[in-house]
1. Could you give the nm distance between label points at residue 29 and residue 98, where each point is 7 Å from its Cα heading toward the beta carbon?
2. Put a dot 7 Å past each Cα toward the Cβ at residue 58 and residue 79; how far apart are the dots in nm?
3. Report the gain in length on full extension from residue 105 to residue 87: 0.36 nm times residue separation, minus Cα-Cα distance, nm rounded to one decimal.
């Protein structure tokens, strides 16, 4: 079988169709690129928001833990002052005072354990 040659008019028509398809696909690619750029911009924005919220949460938690530590230091300092007073007192008063001091020490130790537990949970 012999193939018929395409006329010049048919060749032009085919070339026009190819060009229009190429132009259409370029337009589609541009639209897709623009859409992806918008999505990336949204993602960047959301990451920045998450980073800000994270920093705020860290500041809040840090403030809470600093307050806990400050309270523990105050309680320890009070206990140390009471211990110094205890060493200067007589034996009779020492027994009563020692009971109170022992209870205070246990309270502080419990508070320290709870604080450390909180710190570990926050990691």
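Each value in this text was obtained by applying a stated rule to the coordinates, not by laboratory testing. Note that the structure is a prediction, hence the values are computed from the model and not measured. As a convention, Cβ positions derive from the backbone with ideal geometry for all residues, glycine included, and neighbour counts pool all protein chains shown.
1. 8.9
2. 3.2
3. Contour length minus the Cα-Cα distance gives 4.9 nm.
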